[in-house]
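No value in this document is a laboratory result; all are computed from the given coordinates. Note that this is a predicted model, so its numbers are computed, not measured. Virtual Cβ from ideal backbone geometry, glycine too; neighbours counted across all protein chains shown.
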Amino acid sequence: MGLTSIDRPEIPSSSGNGASDNGRETRKRRMLAIKKPRFSAWGIHFVLLAYAAIALGPILLIVFNSLKSRRALFDSAFSVPTPGTFDLVGYRTVFEQANFERYFLNSFIVTVASVLLVVLLSAMAAHALVEYKFPGNTFLTIYMAIGIMIPIRLGTVSLLDFIVDLKLVNTLWALILVYTAMGIPLGIFLLSQFFRQVPGDIKAAARIDGANEYRIFGLVIPLVRPGLGAVAVFTMLPVWNDLWFPLILAPEESKRTVTLGAQQFLGQFASDWNAVLAALTLAMVPVLILYVIFSRQFLRGLTEGAVK
Amino acid sequence: MLIKVQLLQESEVGSPSKIGGVAKLWHPRSGGNRRFPWHLAIFLAPAAVIYTAFMVYPLVDSLRLSLYNNSGSYIGLDNFRTLLGEPVFADRFWNALRNNFVFFAFHCLVQNPVGLALAALLTAKGIRGQHIYRTVIFLPTTLSVVIVGFIWRQILSPLWGINDSALLGESSTVLPTLSLISVWQFVGIPMIFFYAVLISIPDDLIEAARVDGANGWRIFWSITFPLLLPTLGIITVVTFIANFNAFDLIYTVKGALAGPEYSSDIMGTFFYRTFFGNQLALGDAAMGATVASAMFFVILIGVLAYMLLWQRRITTYQL
């Protein structure tokens, strides 16, 4: 995908990439008009709809029932809430008993900080590894790539000791630093593929014009924007959704992330169905809203990362 | 200290082998007087330092700790002898390892075929609204495993009862049920990766085969499948790594004891229990590190098997 944009004489931009993507789709669509479908289109739609229902059904069941009264929850579990069955009792319990605003804020801070650090630091390192030849380049490239394959969780025993020594236990910094370390290997690996496609002429021309190395980095960054998006996509969700490190490094009530907060709350209030459903919905909704808004970019980021 | 840094001339776009190409001496303006390449340190140090301090060091140190006891004396492989020899640990270890393989087998045998089938249907000719299907089917993948665990615990509970037989309560059904819950959540990943490959196959290629008289079956096995193999390998090894340090789902639905009678226990929950303790035993850092090392070796064997046995034999075609 990236290659098509580089064939052009002008500076490729990320919108250029998107356009070629669309071009391919329209071309495909035009070809369909000529061809007779091999399987019945209805049959395919039926299977896809059925699977979409399997994927979406359980989620909707939770969201709808979180808005019902305790009785309706059991009497008419499989219907949408109506004015007769509508009740926010679960949400009241959640807000009285748990500090979800705090959890959201913590998750937000940790995720945004980690993603920004991963994207920035991986971009800097990937640029340097691709752009300069220096002794140890190959070693460093392999060294940084090992982390893609080995889960950081296996170092938990020592990591906890280390975080205790740094006096960072029960701080959001502990999480941010660990998640940054966790995201960097894949970040560098993916971004290297994108940096390799930046035409050398641009950098050579800038150097002739007297640009220093930092300026060159600033110049090529916009050219790898799809790569930055892909890295952000790959980093974001594992951080937001992680249970392990919040549980171990920052379990204190005021430092809980949504995932840990919800897990603890749901364990405590297991028998209060209204509260459980409301808490689940609250923990899901921000991700769902963001996903629905950005799904196109999100899935494009994934596929772009996937084909690299 | 003088470090020779050479600037890469990139005349050929996209060639990965540019390191070692026509190289120019650094720094152009300072003539022969080379300076310390500060920009290199500034670009590389932050990532390298954070990665080394919070990832490499803990991993290496954890491996080291598995050779020491809790009072800090070196005891060689004694911890591993305990892990594999003493029934208190060994029974749990082999049980968790076996369960983990079952967990992984479900992912391979269900998640990959379903993901591929969905990707194939999405890319079928004449299907509109494919991005809506794609978005919806990928949606569970974006949720936290904790949330997914509770959603299914709630749905499978006898009170709401799709099924009263308590799939999550009996030792014969709990692990397959949890595996399928995990597959339900993550099937979007193989789907999206296979999808990326399928849309990258040029129509001309399929056309040509069809003109030559190949039917859909033949086209799939002779053209599509070989092109999918590298991706299938990557997905399988990534799933292997994820499965062998999975923890959240079991912990959320069954707790750290992974009941009933450890029938849903996998390496992640075993590691957690060993390190932090539980209702039945005190936590043990040295044994925790030993379990982590065992997990490390299992994952290492999986990754090496992938690299040496699979990746070498698979041809990657450039489209």
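Taking amide H as placed 1.01 Å from N in the peptide plane, the amide H of A:Y132 sits under 5 Å from none that are at least 5 places away or on another chain. Taking other residues whose beta carbon is less than 15 angstrom from the beta carbon of B:Q185, and scoring Lys, Arg as +1 and Asp, Glu as -1, yields -1. Of B:W38, B:W184, B:W217, the residue with the greatest mean-square motion in the GNM of chain B, using alpha carbon springs below 10 Å, is B:W38.
As a footprinting exposure proxy, order B:L308, B:L122, A:L154 by other Cβ within 10 Å, with the fewest listed first.
So the residues, fewest neighbours to most, are B:L308, B:L122, A:L154.
Panel order for A:K255, A:K167, by other beta carbons found within 10 Å of each beta carbon, from fewest to most: A:K167, A:K255.
Summarising the label geometry, the points placed 7 Å from Cα in the beta-carbon direction at B:S222 and B:E261 lie 5.4 nm from one another.
Judged by the gyration tensor of its Cα atoms, with axes a ≥ b ≥ c, the protein assembly as shown is oblate; a/c meets the 1.5 cut and b/c is at least as large as a/b.
What size of dipole, in debye to the nearest 20, comes out for chain A about its Cα centre when the only charges are +1 on Lys and Arg C-beta atoms and -1 on Asp and Glu C-beta atoms?
Computed about the Cα centre, the dipole is about 1260 debye.
A Gaussian network model of chain B, with springs between Cα atoms under 10 Å, assigns the largest mean-square fluctuation among B:A208, B:A96, B:A294 to B:A208. Counted by neighbouring Cβ atoms within 10 Å, the residues B:I235, A:I216 run from fewest to most as A:I216, B:I235.
Using a Debye calculation, one point per C-alpha and no hydration shell, please list log10 I(q)/I(0) for chain A at q = 0.12, 0.14, 0.15, 0.16 Å⁻¹ in order. Here log10 of I(q) over I(0) equals -1.00, -1.15, -1.21, -1.27. The separation of region A:208-261 from region B:251-319, counted between C-alpha centres, amounts to 26 Å.
Are there DSSP H segments in chain A that both extend 30 Å or more along their axis (alpha-carbon positions) and score a mean Kyte-Doolittle hydropathy of at least 0.0? List them, or say none.
What comes out of the filter, once short or polar helices are dropped, is A:41-65, A:100-131, A:172-196, A:273-307.
Please check: in the Gaussian network model of chain A (C-alpha springs, under 10 Å), which one of A:E252, A:E131, A:E101 has the largest mean-square fluctuation. Sorting by GNM fluctuation, first place goes to A:E101. Peptide B:186-199 shows a mean partner chain C-beta count of 3 within 10 Å per residue C-beta.
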